[in-house]
Every structure is written in structure tokens, then in C-alpha cells.
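The values are calculated or read from the model by the stated rules, or taken from the named source; none is laboratory data. This is a predicted model, so every value here is computed, not measured. FYI the Cβ positions are ideal-geometry reconstructions off the backbone, even for glycines, and counts take in every protein chain you see.
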Amino acid sequence: MMPPNPDKPPAPIADPLREKLSAKVAYFSMEMAVDEEIPTYSGGLGVLAADTLRAAAGSLLPMVGVTLLYRRGYFFQRFDAQGWQREEAVAWSPENVLCELSERVSVVLEGRTVQVRAWLFWIRDAGEGRVPILFLDTGLPENSEWDRALSEFLYGGDNRYRLCQEVILGIGGVRMLRKLGFERLELFHMNEGHSSLLTLELLEEEAKRAGRTEPTSEDIEAVRRMCAFTTHTPVSAGHDRFPLDMVKKVIRLPAIADGAYKGRFCCDGEINLTHLAFEFSHYINGVAKRHSEVSRVLFYPATIDSITNGIHLPYWASRPMQDLFDRHIPGWRADAFSVRYAIAAPLEEVQQAHEQSKAQLIQYVNRETNAGMNPDVLTIGFARRATAYKRPELILTDIERLKRISGVKGPLQLIFAGKAHPQDEEGKRAIQRIMQSRIRLLPEVRMIYLAEYDLALARLLVAGVDLWLNTPQPPLEASGTSGMKAAINGVPNFSVLDGWWIEGCIEGVTGWSIGPDHYQRKEGSDVQRDARDLYDKLEDVIVPLFYGDSEGYTRVMRQAIALNGSFFNAQRMLQQYVLKAYFA
Ligand SMILES: *Cc1c(COP(=O)(O)O)cnc(C)c1O
């Protein structure tokens, strides 16, 4: 299994919540990747949520997180002998890592009263700061079997299952915060549309406070002042929509849904949770500049600002890199901008820190898989959700060419990882094809596909490879954050110009681009041209630099840390949220 993580926070203590009821911002997310032992996340969305809350803990911003508990997790990934993904329930016990709270609230689902409890987790910064996170759970004996099962799977089940989960999250979440006594909340931040039913609960509260049974336009304005929304998906099919009939069976909709607001979030017989969040938020943003531009077209005429994602540096920097920063940039954990001073760190120390992280990764990979990886070989990492638009096979488009580059210019080895959603057959087929190309790549290129990409494996990978590859189909990568994790570890990115990389790429300085910018592209996927560009750059620029001018390569590593680590971090991101969205 994974090596122990020296930064792991101590096990949760049965802590009274009292002292922390001062939260002013409630952050809602369907998934949160708060800890290696808590498998209630599938990928980037959950990591971003946790990193945001870590940054809040670090800057002592009064915040509380709200998410759902999934007793079977997302899933545990295994492969059969044919390289086909098999999903297993994750064996974990909330009791061991979370603290049960005694308060209960209820929501009405399809006429049934469903009881909800919360489990508490404290997420920590590297220092003293901590922020509470509530994991909502319907797994109580007083609920029916079907209602208990709402706390089993993340992104499992059908539309109705999903809608009921989102009622628990949005409506149950607000009720739980009230019940626990969070009386100072001023702002509700929805991380993606899954939680946007919370706006209906806030509307009802406003109306009730004024002694009305139905909300008015004044109530709507009051709710807008309290809500902020971050969209993450640049394709309309990626946004949750439910048939209006189904929604009306599950919950009571306010009369405005059929009145003045008909057509705003209920249209064509459906309710769109993204539109619902748009309608009731005073601030909306995309997660990178390009993503915001694309979203403005997709959701015209909504006003959509941009706050580019960031990662929590103390969580993602490897131990050797942290030691290097401690030597040369005292106070960097509290002041992420100061990471720019890494530009003056001695090159040998940057190289040594990376070598240590690389040794740790190669040792792990060889021990787990017997892949025979060599620590002296240029190692390319590719790890992310396995799905069509991420184009995981791009680097394998022309296997003979890749072998030639490796044979002539200097050896290459590849490490892949990533889960496909259980219903994403195309993603699973892509993984299978990658695994099956392993033999064809030999002997010039060693390749391995690692199972069970999670927080722990991500930490090893982003620090231990020499080059971080990302080849999405533009403009579909909203932001991407794994490349930022690589950057703070001195691992240059080699990526298609999309998401954050449009902002982070200075060619040959912080890494390298693949293919033209989206606006210079023709319609459709340009696989052949992108693949050619990828091979050309590997052959002519990257491999020669790595083997022929090691100091030059280390200089790119150092620049990636200083220029990109100091900006693409959660502390800068949270400051922007505070100024633009929370207390504007
Ligand atoms: C960071 C991270 C992601 C998201 O990475 P992208 O580059 O946005 O695809 C997904 N899964 C895990 C485990 C991560 O740590």
C-alpha cells in the first residue's frame, strides 16, 4: 500500500463545534477530497473544494464546508486480466475518521420524512488553523432502506437517486447549519450546481421570516445577496437537469417556479440546477479565463466572472520540496506569493529535491507492479479521469514514432493512472487499449497504468515524474489542477493550450505547449496534428534538453515553481473569492 503520509492530520477528536460556529461562509460541494482515508470524491471538483477549505483554515477565514457522506465511496478500481476496469465498493468506516454529531434534521422526499445526521471533520492548514466540514448522512435506522441508500454512492444510481441526494445536500445542508447554530452565515458558495437547491430553502426562510408563505421579489433579492456560484463544466450536457414532473414529486417547488420565474430555471419541462444557481446568485464565475469566456457564450446573457483555480501548496508540495522552501523562503506556507523567490534557489538543490521525490515514486511503482522503471530515465506522467475529451491515448497515436524518439534521442518511460466513471464505457475502453499497448512499446519505452488513482497516488505522481502531460480536446478542460500540483514540485507541464495552461504556459520557460490555441483550431478534434506537435517537441526540444542540458532542464523546473506555484495556488484563489464574491 501507499507509504505513510507524514503530513496526515491526527485522527479526529470528538471536538465540540461550539468554538467554530462563527463561520460566515458556507461552502457546498457534492464531493470533497479532504483526506486519503475518506473516499467521498471522484476527482478535480472534490480536490478543489478541499483545497479551498484548507486555504480558509490557513488564513483563518471563518468558513464551514458541507458535503455528503458516501459509505461505499466513489469506487475502488481494479483491472481484470484483459485490462478491463472493475469497480468495487470501498471498504471504509466513517466512525474511524469522522466524529458523529447528535443533531438531526429532516427533509421531505416524495412525501416521506427523511432524517439526516452530520459527521464532523476538521480540515487543517499546515499550521494551527482548521475549518469544520459536515458530511450529511441518511444512513439511519429510522429511514427506509431506499432513503438510507442515498448515502452509499457518489455519482451512482439514476436521475431520481441523484435528485434526492441533491435535496439532502442543498436543503438538508442549510437546515443542518441552522440546527447546529451557525448564526453568522452571510454567504453560501455553491461549488458546481449540485447544491443549488439550497437557494429554494433560503427563499423559503426569507418568506417565512416576513410571515409569508410564498417568496416575493424582495426575498429573491435577499437570497441573491447571500449566494455565489462557481461553474465547472463548459458543456451543457454536463449540467444537472431533472424533469419538472419528477422534481414536483420529490419536493414542493415555490409558486415562482410556475410564475414569474418560469422559463428562467424551469424550461422545456425540466429544471436545470445550473440555471437555478445563476438565477439566485449575485456572483458567478468560471474556473479559468478561457473557461469563463466559453461559459459566457454557453449561458448568454449571464454575467460570468473568472477566478482561476489554485491548489493548496503545503498539501501538494512533496516533503523534499517543502524542505527546500523552508531553507530559502521562510514563511512560504502563510504567504503563497513568496514562492516567487524560489527563482533564486540553487539549481542543485532543486534537482536534489526532485530526485528524492522521483526515487520515492519509482520505488513505489516497481514494488507495486514490477514495472522495472529506471530512476535515470525521463519519466512522463499522465493521470486524470479517463474520459473521451481528455484524450488519454494521444501520446500513443504513433507508437513507432514514440519508440524511435526513445531509442534515438534518449529513453522515455510513461506512467498512467486514472479512473473511468462506471458508466463511461468509452473511458474504460481507452484504459484497456492503453494497457494493451504496453507490450508493443517495449523494449524502447516502459509503460505502466497504475490502478486506484487517489489523493495519495496523486501526491506521489505529481512530484515524482519529470514531465506532466495533459492532452484534452479544447475548450473542454475547464481548468485542470493536477498540472498546478506538478508545477509547485518543479515538474514542468507539457500540455494542450486549454484551461489554466493558457495562463500558465510560457513556452520553454515554465513548460511546453501542444498544438495551437483553441481559437486557431478548426471545428472538431485535431488528434493527428496535436500528436505530431507532441512528438516533434519531445524529439527536438524536451528530450534533448533533459539529457543534453540537465542544468537547462532544472532551470525550467525552477521557473515552473516560482512563476506558477506562486500564482496557481488556493490562497490567491480564496483571496479573490473573498474580494469579489464573499464580501464585495
Ligand atoms: C488533482 C486531482 C484531480 C484533478 O486533476 P485534473 O488535472 O484537473 O484532471 C483528479 N483526481 C485526483 C486524485 C487529483 O488529485
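The condition (being of a type in the set (D, E, K, R), within 11 Å of the ligand (Cβ to nearest atom) and not in a loop (DSSP other than H, G, I, E, B)) is satisfied by just one residue among ARG459, ARG446: ARG459. Of the residues in the stretch 361-368, not one is at pLDDT 95 or above, assigned to a loop (DSSP other than H, G, I, E, B) and either more than 18 Å from ARG446 (Cβ to Cβ) or of a type in the set (A, V, I, L, M, F, W, C) (or both). Of all residues in the stretch 92-119, those that are of a type in the set (Asp, Glu) have Cβ atoms under 6 Å from Cβ atoms of residues that are assigned to a strand (DSSP E or B), 6 or more apart or on another chain, in GLU100/TRP119.
In the stretch 36-60, the qualifying residues are those that are among the charged types (D, E, K, R) and crowded, with 24+ Cβ neighbours inside 10 Å, and the one that is farthest from the ligand (Cβ to nearest atom) is ARG54.
Yes or no, residue by residue, for (1) under 29 Å from VAL365 (Cβ atoms); (2) at pLDDT 95 or above; (3) outside any strand (DSSP E or B); (4) touching a Cys at 6+ places or on another chain (Cβ under 6 Å):
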position: GLU19; (1), (2), (3), (4): no, no, yes, no
position: VAL34; (1), (2), (3), (4): yes, yes, yes, no
position: VAL47; (1), (2), (3), (4): yes, yes, yes, no
position: LEU53; (1), (2), (3), (4): no, yes, yes, no
position: ALA56; (1), (2), (3), (4): no, yes, yes, no
position: GLN82; (1), (2), (3), (4): yes, yes, yes, no
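Of the residues ARG367, ARG384, the single one that is within 20 Å of ILE448 (Cβ to Cβ) and exposed (fewer than 15 other Cβ atoms within 10 Å of the Cβ) is ARG367. Is it true that some residue in the stretch 522-532 is in a helix (DSSP H, G or I), under 28 Å from the mean Cα position of the chain (by Cα) and not β-branched (Val, Ile, Thr)? Checked the stretch 522-532: at least one residue is in a helix (DSSP H, G or I), under 28 Å from the mean Cα position of the chain (by Cα) and not β-branched (Val, Ile, Thr). One residue stands out among those in the stretch 294-327 that are among the charged types (D, E, K, R) and closer than 20 Å to ASP466 by Cα: the one that is farthest from the chain's Cα centre (by Cα), which is ASP323. Looking for something more than 16 Å from the ligand (Cβ to nearest atom) and in a strand (DSSP E or B) - is there at least one such residue anywhere in the stretch 419-441? Within the stretch 419-441 (the criterion being more than 16 Å from the ligand (Cβ to nearest atom) and in a strand (DSSP E or B)), the answer is no, since none of the residues qualifies. The requirement of being touching a helix residue (DSSP H, G or I) at 6+ places or on another chain (Cβ under 8 Å), free of Cβ contacts under 8 Å to residues at least 60 places away in the same chain and not assigned by TED's automatic domain parsing to the domain that holds THR230 is not satisfied by GLY504.
How about the stretch 541-584: which helices (runs of 4 or more DSSP H) wholly inside it have at least 3 residues that are surrounded by fewer than 20 Cβ atoms within 10 Å (Cβ to Cβ) and assigned by TED's automatic domain parsing to the domain that holds GLY499? I'd like the intermediate steps shown before the answer.
Details: elements: 543-548, 550-559, 570-577.
Helices (runs of 4 or more DSSP H) meeting the threshold: 543-548, 550-559.
Residues considered: LYS409, LYS390, LYS403. Of these, the only one that is within 30 Å of LEU497 (Cβ to Cβ), among the charged types (D, E, K, R) and out of contact with any helix residue (DSSP H, G or I) (no Cβ under 8 Å at 6 or more places or on another chain) is LYS390. Cβ separations smaller than 6 Å between residues 6+ apart or across chains give the following pairs from the stretch 464-492 residues that are assigned to a loop (DSSP other than H, G, I, E, B) to residues that are of a type in the set (Phe, Trp, Tyr): PRO472/TYR389; GLN473/TYR389; LEU476/TYR389; SER479/TRP500; GLY480/TRP500; VAL491/TRP468. If you filter the stretch 462-486 down to residues that are at pLDDT 95 or above and either more than 24 Å from ARG572 (Cα to Cα) or in contact with a Cys (Cβ under 8 Å, 6 or more places away or on another chain) (or both), you find that the one that is farthest from the ligand (Cβ to nearest atom) is ASP466. Only one entry of ARG71, ARG78 meets the criterion of being farther than 25 Å from ILE171 by Cβ, at pLDDT 95 or above and more than 16 Å from the ligand (Cβ to nearest atom), and that entry is ARG78. Please work out if PRO516 is under 21 Å from THR233 (Cα atoms), outside any helix (DSSP H, G or I) and either assigned by TED's automatic domain parsing to the domain that holds LYS358 or more than 18 Å from the chain's Cα centre (by Cα) (or both). Judged against the criteria, PRO516 is not a match. The sole residue among PHE382, PHE416 that is within 18 Å of ARG440 (Cα to Cα) and of a type outside the set (Val, Ile, Thr) is PHE416. THR213 satisfies every condition listed in (1) among the hydroxyl-bearing types (Ser, Thr, Tyr); (2) surrounded by 15 or more Cβ atoms within 10 Å (Cβ to Cβ); (3) over 30 Å from GLU477 (Cα atoms) except (2). Screening ALA126, ALA118, ALA91, ALA149 for residues that are surrounded by 14 or more Cβ atoms within 10 Å (Cβ to Cβ) and at pLDDT below 95 leaves exactly one candidate, ALA126. Beta carbons closer than 9 Å, at least 6 apart along the sequence or on distinct chains, pair a first residue in the stretch 384-400 that is of a type in the set (Phe, Trp, Tyr) with a second that is near the ligand (Cβ under 10 Å from one of its atoms) for TYR389/PRO472; TYR389/GLU477. Among the residues of the stretch 352-402, those that are of a type in the set (Gly, Ala, Ser) and either in contact with a Lys or Arg (Cβ under 7 Å, 6 or more places away or on another chain) or at positive phi (or both) comprise ALA371, GLY372, ALA386. Screening the stretch 156-256 for strands (runs of 3 or more DSSP E) wholly inside it with 2 or more residues that are touching a Ser or Thr at 6+ places or on another chain (Cβ under 7 Å) returns the ranges 187-191, 227-230.
Would you point out the residue of the stretch 374-396, among those that are in a loop (DSSP other than H, G, I, E, B) and farther than 17 Å from VAL465 by Cβ, that is farthest from the ligand (Cβ to nearest atom)? Lay out the reasoning, then the answer.
Kept after step one, since they are in a loop (DSSP other than H, G, I, E, B), are these residues of the stretch 374-396: 374-377, 384-387, 391-393.
Now drop any that are not farther than 17 Å from VAL465 by Cβ, which leaves 385-387, 391, 393.
On the way: ARG385: 6, ALA386: 10, THR387: 10, ARG391: 12, GLU393: 16 Å.
Among those that are in a loop (DSSP other than H, G, I, E, B) and farther than 17 Å from VAL465 by Cβ, it is GLU393.
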